[in-house]
Structures are given as structure tokens and as C-alpha cells.
Amino acid sequence: MRLSRFFLPILKETPKEAEIVSHRLMLRAGMIRQQSAGIYSWLPLGFRVLRKIEKIVEEEQARAGAVQLLMPTIQPADLWRESGRYDAYGKEMLRITDRHEREMLYGPTNEEMITEIFRSYVRSYKDLPLNLYHIQWKFRDEVRPRFGIMRGREFLMKDAYSFDIDKEAARHAYNRMFVAYLRTFARMGLKAIPMRADTGPIGGDMSHEFIILASTGESAVFCDRSLLDLPTPGEDTDFLSDLSPIVEAWTTPYAATDEMHDETTFAALPEAERVSARGIEVGHIFYFGTKYSEPMGARVMTAEGTEVPVHMGSYGVGVSRLLGALIEANHDDDGIIWPASVAPFHVGLINLKPGDADTDSACAGLYARLEAVGVEVLYDDVDTRAGAKFATMDLIGLPFQIIAGPRGLKDGVVEVKERASGQRESLSLEAAFNRVR
Ligand code: ATP
Ligand code: MG
Ligand code: MG
Ligand code: MG
């Protein structure tokens with residue numbers, strides 16, 4: 001992408017309304033635009049990152065056996081009356097009336113709708129296990145939308161729903177999502193720690209929030225330091241096998257959010273092992289049994305020929321919130337430092353002297369070669385001051401910068417800068433190409 005053809009509205013001033021660094025940087029880097037409290041447009045740079053995150057989520061959901069579909073954002077109120085949640089959900093639900101006076105709502109989540117789909121088609125244990133998910137916009141009328149897209153009112157969520165014949169099978173489904181989440185966040189370069197979360201009236205141990213430690217996080221969290229060094233399950237993980245040893249390894253050390261915190265157990269840990277921090281909830285997995293299938297009549301036939309309500313779980317990832325969490329975890333004074341897996345482009349190619357024939361042709365050649373091998377390049381071909389170019393590239397945080405100017409090119413070299421380390425090297429065009437690809 002040539003910068004001259006792109007849309008990158010960089011802000012020079014630090015926006016006053018932004019309280020935390022990720023929100024500030026997203027606004028300054030021209031990634032999002034607020035349209036109303038907690039409602040944002042995703043500008044091209046932000047949208048590219050959102051897509052990268054979605055893709056990783058999709059790949060790991062597929063690996064774990066979840067099947068993607070797409071449900072609408074608008075739902076009929078009657079569906080929520082069936083589960084009893086229409087009245088219970090309260091003010092966070094945006095309620096809408098259509099021209100025929102029918103009550104509708106903008107979905108804050110999709111348990112009811114997926115249960116409706118399931119009950120319409122599935123009747124037998126033979127069709128289980130099943131896990132259906134979508135990545136769709138949600139609306140929650142948060143009392144205090146803040147921190148940009150971190151706590152938006154409209155936000156993008158991945159929500160998966162598992163269906164199993166009994167609790168034992170549901171535990172396996174739960175474990176598959178648990179492991180998928182470990183892999184998903186690790187692939188984004190994030191250390192997400194599964195922490196025990198409230199299961200409400202269902203009880204048991206099958207609810208975990210996946211938490212990124214960050215000083216700007218909204219929840220107080222407590223965990224055993226050993227969790228920070230546990231290895232992530234590999235690509236070769238067999239999701240058909242029993243995953244409980246992995247889940248056990250990750251759930252045995254102490255980890256709990258505020259609501260579930262047990263000071264006595266935590267205090268018994270050696271001082272050096274205790275991590276008491278703040279965290280960002282980027283995912284939440286939950287087994288809720290027959291909470292929806294019972295009232296909504298989603299029943300299946302067992303092998304023995306009896307009919308039982310299906311056992312369900314739901315599994316959310318805050319896809320849009322992850323952008324904020326990623327920036328909170330990866331930035332310095334100059335701007336964002338994207339992990340390569342989610343970077344909007346891999347390389348920023350800076351032409352220091354657009355209009356100079358040799359520089360233009362060297363840049364155009366490198367740009368074409370990198371694109372040809374599938375490396376995403378943002379080519380700054382705009383005639384602006386070098387200082388502004390450097391500041392913009394640092395701000396938007398692409399993993400590599402290639403800086404090309406007439407002086408270096410006279411000796412056949414360009415400079416390659418790695419954003420994360422700040423390390424710079426003078427390299428031939430060929431070596432630069434190989435360094436960043
Ligand atoms: P929170 O505790 O932050 O309000 P939640 O527990 O209400 O989140 P869930 O119902 O568990 O949220 O939804 C699944 C995921 O969706 C959350 O783990 C979070 O990452 C994301 N999410 C929830 N609310 C928002 C929001 N207002 N803006 C952005 N992401 C959100
Ligand atoms: Mg909430
Ligand atoms: Mg929560
Ligand atoms: Mg939650």
C-alpha cells in the first residue's frame with residue numbers, strides 16, 4: 001500500500017479525552033474514530049489489525065473443532081422471553097421497536113438465538129458434540145463506556161456455543177476451548193492467564209476469564225507467578241485427545257479475579273510467588289449446563305432412547321477489546337509496537353526523497369519485490385519532512401522500517417530498523433529484502 005493512496009489520519013495533538021495509553025495511541029495513529037459514546041468507526045489501519053485478530057481467532061477455533069456461522073445483530077424480544085432474560089438483562093440491553101410495534105433488541109450475546117437454531121435442527125446424540133460460533137458486533141449500553149474500544153458499547157465479539165449430551169462430554173468441549181484460548185492469545189504475543197471466575201447458580205469449576213496483566217486493567221486479579229512461565233500448547237495438540245492434563249496444569253496454580261479471590265489460600269503462597277495485579281478480561285469461557293436448553297426446549301435423544309436437555313457452554317473473546325489490550329502490552333514513548341502476527345503491515349518503507357529518480361526506483365523495486373512474496377508493506381512515498389516520516393512510522397509501530405535515501409543508495413545501502421529493539425542496520429537492497437521477509 002502506498003501511503004499516498006492510503007487513509008492514515010495521524011493526529012499531532014494528544015487527544016484530551018483519552019485516559020489510557022492504548023486509547024491515546026489508537027486515536028493518534030488514526031485507527032479509530034468515535035461516532036458516539038462507546039461507538040467507533042474502524043479506520044483503515046485499525047480495521048486491518050481487527051481483521052488479523054479475527055483471522056487468528058478463526059484459525060484456532062477451527063483447530064479446536066468449532067464451526068463458524070453468522071447470526072444477526074438484531075434479535076426478537078420473544079426469544080429472550082423464552083429464557084426469561086428479556087426482563088432480567090436490564091438497562092445494558094438496547095431495546096428497539098420496529099414499524100409494526102414488534103419488540104426487538106440489539107444482541108448483547110447470543111445464547112438464546114443459538115439455542116433456537118440448535119433446537120430447530122438437532123435431535124440426536126449422534127449429532128454431538130457440536131460447537132457453533134460467530135464473530136459479530138454486540139451492543140451493550142454500558143453505564144460508563146471508556147478507554148476507547150476497550151469498553152465500548154458496540155464491540156466485536158467471538159462467541160462460541162457448545163452442545164453436548166451430558167456434563168462429562170461438556171467438560172471435554174470446555175477443555176477444547178480452554179486450550180484454543182491459550183493458543184489464540186499466545187499467537188498474538190499475549191500472556192493471557194486463565195483465572196477462576198464466578199459460575200453463578202450453576203456452580204462447579206467450569207468458568208474461566210482469560211486475563212492480560214496490565215496496570216490499566218479494570219479488574220483486580222491475583223495469581224501464582226508460575227503461570228507466567230507455563231508453556232503454551234503446541235500446534236500439534238490433538239484436540240480429539242483428552243486435554244484435561246493441559247487444563248489441569250493451567251488451573252492448579254492459584255489464579256482468581258476479585259470476585260473469586262480467596263485471601264487465605266493466596267496468602268499461603270510464598271511471597272515471591274504471589275502476583276497481585278490489575279487485568280484486562282479478553283476472554284471468558286463458561287459451562288452453564290441446561291440453563292437455556294431446559295426453558296427453551298432444546299432436547300436430544302440419548303443412545304438409550306431417552307430425551308434430555310442438551311448441555312451447553314459459551315465461550316467469548318473480546319476481539320475489538322484485544323486491540324486495546326495488545327497496545328497496552330506493546331508500546332513505548334514513541335508509539336505502538338505491534339507483534340508481527342497482528343501488525344497492520346509488516347514493513348514500513350520510507351522514501352526520504354520522493355521525486356529523486358534513483359531513490360524512487362530503488363523504493364519501487366523493493367516495494368514490488370516484497371509485495372510479490374506476500375510481505376505487506378506500507379510504502380511512504382509522500383513528500384514530507386524526514387522527521388515527520390520517522391515519527392509516524394514509530395507511532396504506527398510496524399515491526400520493520402526500511403529507510404531509503406539518496407545518500408545511502410549512492411553506496412547501495414538502505415537502513416533497516418527493527419521497531420521493537422530500535423536496532424538499526426545498514427544493508428544492501430538484497431540483504432534488506434531478506435532481513436524483513
Ligand atoms: P466486562 O467484565 O469487561 O464487562 P463481561 O464479563 O461483561 O466483560 P462477557 O459477557 O464475558 O463480558 O463477554 C465476553 C468478552 O467480550 C469479554 O471477555 C470481553 O473481552 C468482551 N467484552 C465484554 N464487554 C465489552 C465491552 N463493553 N467492550 C469491549 N469488549 C467487551
Ligand atoms: Mg460486562
Ligand atoms: Mg467480566
Ligand atoms: Mg465475562
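Over the C-alpha atoms of the chain, the Rg to Rh ratio, Rh being the Kirkwood estimate, stands at 1.03. Please find, in a Gaussian network model of the chain (springs between Cα atoms separated by less than 10 Å), the residue of ARG99, ARG369, ARG63 whose mean-square fluctuation is greatest. Looking only at ARG99, ARG369, ARG63, the biggest GNM fluctuation is shown by ARG99.
When Rg and Dmax are taken over the Cα atoms of the range 192-260, they come to 13.2, 38 Å.
The stretch between VAL373 and SER241 holds 43.8 nm of extra length on full extension. This uses 0.36 nm per residue minus the Cα-Cα distance. Dividing the mean sequence gap of close Cα pairs (under 8 Å, 6+ apart) by how many residues the range 88-242 holds gives a relative contact order of 15 percent.
Given the options THR384, THR265, THR199, state which has the largest fluctuation in a GNM of the chain using a 10 Å cut-off (strictly under) for Cα springs. Maximum fluctuation in the GNM of the chain, among the listed residues, is at THR265. For the pair the range 346-383 / the range 1-45, the C-alpha centres are spaced 24 Å from each other. Across the chain, the mean sequence separation of Cα contacts (distance under 8 Å, 6 or more residues apart), normalised by length, yields a relative contact order of 16 percent. Largest GNM mean-square fluctuation among ILE117, ILE350, ILE212, using the chain with Cα springs under 10 Å: ILE117.
For the chain, the 222 nm mean residue ellipticity estimated from helices alone, with every DSSP H stretch of n ≥ 4 adding -39500 (n - 2.57) and the total spread over all residues, rounds to -9500 deg cm²/dmol.
Less than 5 angstrom separates the built amide H of MET93 from those of ASP141, all sequence-distant by 5 or more or on a different chain. Sorting the segments 213-222, 159-168 by their residues' average number of neighbouring beta-carbon atoms within 10 angstrom, most packed first, yields 159-168, 213-222. Stokes-Einstein diffusion for the range 286-437 at 4 °C, viscosity 1.567 mPa s, with a Kirkwood radius from C-alpha pairs, works out to 70 µm²/s.
Greater than 20 Å separation of Cα atoms is the criterion. Which listed pairs, LYS126/LYS167; LYS167/LYS291; LYS91/LYS158; LYS52/LYS158; LYS52/LYS191; LYS353/LYS417, meet it? Among LYS126/LYS167; LYS167/LYS291; LYS91/LYS158; LYS52/LYS158; LYS52/LYS191; LYS353/LYS417, the Cα-Cα distance tops 20 Å for LYS91/LYS158. Excluding ligands, DNA and RNA, the accessible surface per residue across the chain is 45 Å² with a 1.4 Å probe. For LYS16, the lysines whose Cα falls under 28 Å of its own Cα, not counting residues fewer than eight places away in the same chain, are LYS138, LYS389.
Need the list of aspartates and glutamates near LYS410 for cross-linking: C-alpha distance under 14 angstrom, and skip anything on the same chain fewer than eight residues off. Answer for LYS410, where 14 Å is the Cα cut-off: ASP356, ASP358, ASP360, listed by chain and number.
Between ALA62 and GLU168, the FRET efficiency from the beta-carbon distance, with R0 = 35 Å, is close to 0.90. Computed on the Cα trace of the range 167-326, the radius of gyration divided by the Kirkwood hydrodynamic radius gives Rg/Rh = 1.00. Residues of the range 393-412 with an amide N closer than 12 Å to a point placed 7 Å from the Cα of SER426 along the Cα-to-Cβ direction: 407-412.
The values are calculated or read from the model by the stated rules, or taken from the named source; none is laboratory data. This is a predicted model, so every value here is computed, not measured. FYI the Cβ positions are ideal-geometry reconstructions off the backbone, even for glycines, and counts take in every protein chain you see. Protein only, heavy atoms only, side chains kept; ligands, DNA and RNA dropped before computing areas. Shrake-Rupley method; radii C 1.70, N 1.55, O 1.52, S 1.80 Å.
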